[in-house]
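J.: Mind looking over this structure? Questions follow.
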Amino acid sequence: MAAPRVHLVSIAAPFRGGFADLSRPPSALLYVGGYLRRHGFEVALHHLPEGELDRVAAAVARDPEALFVGFSVMTGRQVTTSAGMSARLKALRPELPVVWGGIHPSLLPEACLAFGCVDFVVVGEGERTARELATWLAAAAPGERPVGMEGVAYRQGARAVVGPPRPFATDLDEFRQDWTLVEPARYVQTAAGRRTLSFIASRGCPHTCGFCYNQLFNRRRWRGHSADFVVGEVLALRAALGIDTVAFDDDNFFTHRPRGLEILRRLKAEGVTCTWLEVRVDYLTDDLLSQLVELGVETIFVGWESGSSATLARIAKGFTPDLIREKARLLACYPALHVDASAIVGFPWETDQDIGATVALLLEMARIKPGGFHFNLGVYVPYPGAPVTEEAHAAGFRFPEDAEGWSAYDILAGTMPLPWMSADRLRRLTRMDQYAKLLHVPHRLGPVRKAVLRVLAALAGLRLRRGWLGFPWEVRLMEWYASRRYRRPREGGEG
């Protein structure tokens, strides 16, 4: 008798006005699928674009060994497309259980169950819960419910029942991504002669940022794979795929600094360096930065968030504008280190003065390290489970009530209404972000391109200082240039 088969689905969806990116691996499902396979279940993983939904749904519905279909769902359009495919599966094979997991269903399990096409929600870390639920489903009678199962929510008639929370795993090395579930070569990014793959070395973050999902989803707990595990996995991927660089997609890579440095040091000794990782602003020290440069780290991402003291305090960021200035001066001592510097504007309470303080600090940082910051000035979007979202609700914001409404949950691409944000103000904030990005002048450029970008950076700085945001010919020029120079990542089918 064939082993029961679990089908796992991740649908690529546009994000923040961009395109559906199939170049990043579906890491959560590689973990869950690997754990299920280790415990005797067959697994088929489908990482697909929206145009493949009907075809894959039909193929899954025809599988006589299918035990359940599990969707990994992020907040936004992925909710809409996952619900659409779930409904299609229910129409083709009503008895086949549909299970949702991931950040969005974990934060809003009752709302997801209310869609009517979702039978169960895995809340929180998915590996152990998916295995327990799969074992139960293999033996359950029709209509039976997993009463009391940790980390599972389910529909009982018209009512949603949420089981007790499942404790976090104490040893993350128990779980590993199973790359045999996909064609791993499709996720290798090739540029400037290097081959890079994204990898996750830890989960969670201990900090209190008020706009972040981590406080509820990970309950401010950080857990990391051991250095031995991370190094071993990355070197195995190098042997299989020929990668020579890795990008760490952790929410907070340096929560445990000695471990993080040990990983980078041991990988460099084996010929693998890091292209990207995230560091909190207040973690930056001269010693840490000098070691990162020595270890070949190319880019660090820092969320400085705001130039307004009031906003930084209100989002519980834990530092001040003065500390941001201090760290910008420190970063200027390392010209070879690329810095992705992210801030947020447009919180419900923010005045023009608050936003002006953020722009002013951004320009000051640009003067401290000319051309050395790649700025992102993102417009605030309320996220389920984040403390600041309560202030958005108080200002009149409401999450969509149906699955279709989540397709507009992208302030830069959809029609998502923010009660405190006029269309004119949104246009101005978006234009500020576009000009902030022009302040960046990569140091690895030829003299002609660098000279052109320096002129555009000077014009962008002038516009931001004076508030002259009309007729954005510089932005259009760079968009045209980028459209000719770069192609989107290819959209393949299922893995």
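The values are calculated or read from the model by the stated rules, or taken from the named source; none is laboratory data. Remember, predicted model here, so these are calculated numbers, not experimental data. Reconstructed Cβ throughout: ideal geometry from the backbone, glycine too, with neighbour counts over all protein chains shown. Keep in mind that these areas ignore ligands, DNA and RNA; they rest on the heavy atoms of the full protein, side chains included. Shrake-Rupley method; radii C 1.70, N 1.55, O 1.52, S 1.80 Å.
J.: Calculate the radius of gyration of the Cα atoms of the range 393-432 to one decimal place, then report Dmax, the largest Cα-Cα distance, as a whole number, both in Å.
T.: In order Rg, Dmax, the Cα atoms of the range 393-432 give 11.1, 33 Å.
J.: While we're looking at this one, here's another question. Would you calculate the separation in nanometres between label points at residue 55 and residue 194, each defined as 7 Å from the Cα along the Cα-to-beta-carbon direction?
T.: My value for the distance between the label points is 3.5 nm.
J.: Suppose R0 equals 22 Å. What FRET efficiency, 1/(1 + (r/R0)^6) with r the Cβ-Cβ distance, do residue 471 and residue 19 give to the nearest 0.05?
T.: Result of the calculation: an efficiency of 0.25.
J.: So what does residue 54 come to for accessible area, using a 1.4 Å probe and Å² rounded to 10?
T.: Counting only protein heavy atoms, residue 54 exposes about 100 Å² to solvent.
J.: Of 211, 152, 189, which is farthest along the charge dipole of the range 144-221 in the positive direction, counting Lys and Arg as +1 and Asp and Glu as -1 at C-beta?
T.: After comparing all options, I get 211.
J.: Quote the charge dipole size of the range 1-97 about the Cα centre in Debye, to the nearest 20; the model charges only the Cβ of Lys and Arg (+1) and of Asp and Glu (-1).
T.: That gives the range 1-97 a dipole magnitude of about 140 debye.
J.: Next question, about the same structure. Which chymotrypsin sites (Phe, Trp or Tyr not before Pro) does the range 84-136 hold that lie in a coil by DSSP with at most 11 other beta carbons within 10 Å?
T.: none
J.: Follow-up question, since we're still on this one. Please state the shape class of the range 24-103: rounded when a/c is under 1.5, otherwise prolate if a/b exceeds b/c and oblate if not, all from the C-alpha gyration tensor.
T.: oblate
J.: Please get the size of the charge dipole for the chain, origin at its Cα centre, with Cβ charges of +1 on Lys and Arg and -1 on Asp and Glu, quoted in debye to the nearest 20.
T.: 1420 debye
J.: Roughly how compact is the range 121-211, stated as its Cα Rg over 2.2 N^0.38 Å to two decimals?
T.: In units of the 2.2 N^0.38 Å rule of thumb, it is 1.51.
J.: Tell me the GluC sites (Glu not before Pro) within the range 250-356 that lie in a loop according to DSSP and have at most 14 other beta-carbon atoms within 10 Å.
T.: 270
J.: Counting trypsin sites (Lys or Arg not before Pro) as exposed when in a DSSP loop with at most 16 other beta carbons within 10 Å, what is the longest stretch of the chain free of them?
T.: Longest stretch, sites excluded: 222-397.
J.: Tell me the mean residue ellipticity at 222 nm calculated for the chain from its helices only (DSSP H runs of n ≥ 4, each -39500 (n - 2.57), averaged over every residue, nearest 500).
T.: -11500 deg cm²/dmol
J.: Please state the charge dipole magnitude for the range 26-170, taken about the Cα centre, from unit charges on C-beta atoms (+1 on K and R, -1 on D and E), reported in debye and rounded to the nearest 20.
T.: 100 debye
J.: Let me ask another. When we measure straight from the Cα of residue 369, which lysines land under 24 angstrom away, once same-chain ones fewer than 8 places off are left out?
T.: Candidates past the 8-residue exclusion: 317, 327, 437, 450.
J.: Tell me, which cysteines of the chain are without a disulfide-compatible partner by the Cβ under 4.7 Å rule?
T.: 112, 117, 205, 274, 333
J.: While we're here: What aspartates and glutamates could a cross-link reach from residue 268, if we take a straight Cα to Cα line under 17 Å and drop same-chain neighbours fewer than 8 places away?
T.: Residue 268 reaches 228, 233, 244, 294, 298.
J.: Same structure again: Quote the relative contact order of the range 286-341 in percent (integer), defining contacts as alpha-carbon pairs under 8 Å separated by 6+ residues.
T.: The normalised contact order for the range 286-341 reaches 53 percent.
J.: How long is the range 401-476 along each principal axis, judged by its Cα atoms, biggest number first, in Å?
T.: Extents along the principal axes, in whole Å: 53, 28, 16.
J.: To test your reading of the geometry: what angle, between 0 and 90 degrees and rounded to tens, separates the Cα axis of helix 27-38 from the longest principal axis of the chain?
T.: Between helix and principal axis, roughly 30 degrees.
J.: Could you tell me how far the Cα centroid of the range 401-431 sits from the Cα centroid of the range 63-126, in Å?
T.: What the calculation gives is 25 Å, centre to centre.
J.: Shifting gears a bit: If you take Cα Rg over 2.2 N^0.38 Å from the coordinates, which of (i) 1.13; (ii) 1.00; (iii) 1.90 do you get?
T.: It is the value labelled (ii).
J.: What FRET efficiency do you get for residue 351 and residue 65 if R0 is 56 Å and r is their Cβ-Cβ distance, rounded to the nearest 0.05?
T.: Computed FRET efficiency for residue 351 and residue 65: 0.40.
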